[in-house]
Structures are given as structure tokens and as C-alpha cells.
1. Does Thr97 qualify as being modelled with pLDDT of 95 or more, polar (S, T, N, Q) and either surrounded by 13 or more Cβ atoms within 10 Å (Cβ to Cβ) or more than 15 Å from the chain's Cα centre (by Cα) (or both)?
2. Do we have any residue at all in the range 39-60 that's modelled with pLDDT under 95 and part of a loop (DSSP other than H, G, I, E, B)?
3. Whether any residue in the range 62-76 is modelled with pLDDT of 95 or more, farther than 15 Å from Val135 by Cβ and part of a helix (DSSP H, G or I) is what I want to check.
4. If we keep just the residues of the range 21-35 that are part of a helix (DSSP H, G or I) and in contact (Cβ under 8 Å) with a residue 24 or more places away in the chain, which is nearest to Leu103 (Cα to Cα)?
5. Filtering the range 157-180 down to residues that are of a type in the set (S, T, N, Q) and at pLDDT 95 or above, which residue is surrounded by the most Cβ atoms within 10 Å (Cβ to Cβ)?
6. Mind checking which residues of the range 40-60 are surrounded by 17 or more Cβ atoms within 10 Å (Cβ to Cβ) and among the polar types (S, T, N, Q)?
7. Can you tell me which residue is surrounded by the most Cβ atoms within 10 Å (Cβ to Cβ) among those in the range 77-94 that are farther than 16 Å from Ile121 by Cβ and either modelled with pLDDT under 90 or polar (S, T, N, Q) (or both)?
8. Please state which of the following conditions Lys144 fails to meet, knowing it meets all the rest: (1) farther than 24 Å from Ile112 by Cα; (2) of a type in the set (Lys, Arg); (3) surrounded by 10 or more Cβ atoms within 10 Å (Cβ to Cβ).
Amino acid sequence: MTTFSEQFYKLISTRQSDRGYIVDKTIEKEKLDRILESARIAPSACNAQPWKFIVVDDEGIKNKLADTTSSRVLGMNHFTKQAPVHIVVVMEGANLTSNFGSLVKRKHFPLIDIGIAAEHICLAATAEGLGSCMVGWFDETAVKKLLNIPKSKRPMLIITLGYPAKPETREKRRKGIEQVVSYNKY
């Protein structure tokens with residue numbers, strides 16, 4: 001019997017950015033609801049919860065959204081049309097305490113908070129047997145127009161979700177632990 005911590009480390013070791021999805025396989029609503037709930041309950045600085053999640057699952061809108069991520073010149077993000085669901089993470093205004101902290105500490109806490117919520121989405125997707133990929137390269141103006149996002153709001157990420165075309169976990173190429181961790185000094 002595996003422990004909770006063993007299950008957790010297996011989950012984080014199998015989470016990867018999937019850039020290919022089974023086109024005709026939809027995501028069950030129950031799974032999507034659990035994924036969204038994991039984002040909703042993510043922690044944030046001063047409990048500001050500076051996010052809104054727009055779920056795009058309408059085929060026509062999704063394909064137009066996917067077009068905002070693709071670049072013919074750079075040959076990137078053409079996989080996005082395959083994903084049956086896109087979640088657009090919009091940065092909302094933070095509360096007074098978070099904004100004050102951001103100003104004083106010169107760190108924009110809502111960006112950190114969005115990163116946490118986005119990874120909750122990706123980890124929950126992995127736990128549900130789904131693939132995900134965070135996409136930051138997109139035409140922000142086109143996304144705002146397509147999804148009627150107010151001018152004062154900013155879409156920060158698009159997360160694709162779907163059943164991965166290649167469900168095997170790829171070997172991770174990462175820096176060695178000694179390159180990224182030190183104790184008690186830099």
C-alpha cells in the first residue's frame with residue numbers, strides 16, 4: 001500500500017506539458033469540475049484570489065482561441081487545436097492588503113498567485129489522467145476580444161487540457177539538484 005506522500009511524489013513526477021491530445025475524446029464534466037475546484041481553493045497572498053478562469057469548450061471558440069497561440073513563423077503551439085478544453089486564466093484585481101504588499105515588497109503577488117492556481121490545475125489534470133500545457137505565448141488583444149474580457153483585465157495564461165496522445169511520461173531533463181539548491185547561503 002502506497003502512502004499519501006508516495007502518491008504525491010508520483011503525481012508531480014508524472015506531471016508534464018503535453019503537446020498532443022486525442023482529438024475526439026472529451027473531458028468528463030465531473031473531472032473538469034474537480035480540476036476547477038482545485039484552482040478555486042488555491043492559496044493566494046492575503047487571500048486576494050486575483051483570478052478568473054474562463055473555460056473554453058465550444059469547438060468554434062476554442063479553435064479561434066487556439067489560433068491566437070499559434071505562430072507560423074516560429075512553428076509553435078499548433079497542438080492547441082487538438083485540446084478539447086482551454087482554460088484562460090485572467091488576472092483580476094487583488095485586494096487592498098495584497099496590493100499594498102506588492103507595492104512595499106516590489107513583487108507582484110497576483111502573478112505568483114496565478115502561478116500557484118495554474119499548477120493546481122495541471123496537477124489535478126494529471127491526477128485525473130489528463131494532459132495539460134500552460135501556454136503564455138498568445139495574442140492577448142485577440143483573446144480579450146474573442147472572450148469579451150474587459151480592457152482592465154489581463155489574460156495571463158491559457159492552459160490546454162485533454163487526454164494525451166502519448167500518455168507515457170517523458171524523461172525529465174533538469175538541472176542537477178546541486179545546481180538549484182543550496183543551504184544557508186547562495
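The values are calculated or read from the model by the stated rules, or taken from the named source; none is laboratory data. Because the structure is predicted, anything quoted here is derived from the model rather than measured. As a convention, Cβ positions derive from the backbone with ideal geometry for all residues, glycine included, and neighbour counts pool all protein chains shown.
1. Numbers: modelled with pLDDT of 95 or more: no; polar (S, T, N, Q): yes; either surrounded by 13 or more Cβ atoms within 10 Å (Cβ to Cβ) or more than 15 Å from the chain's Cα centre (by Cα) (or both): yes.
Considered against the rule, which asks whether it is modelled with pLDDT of 95 or more, polar (S, T, N, Q) and either surrounded by 13 or more Cβ atoms within 10 Å (Cβ to Cβ) or more than 15 Å from the chain's Cα centre (by Cα) (or both), Thr97 comes out as no.
2. Yes, the range 39-60 has at least one match.
3. Scanning the range 62-76, I find no residue that is modelled with pLDDT of 95 or more, farther than 15 Å from Val135 by Cβ and part of a helix (DSSP H, G or I), so the answer is no.
4. Ile35
5. Thr160
6. Ser44, Gln49
7. Looking at the filtered set, the residue picked out is Ala94.
8. Exception for Lys144: condition (1).
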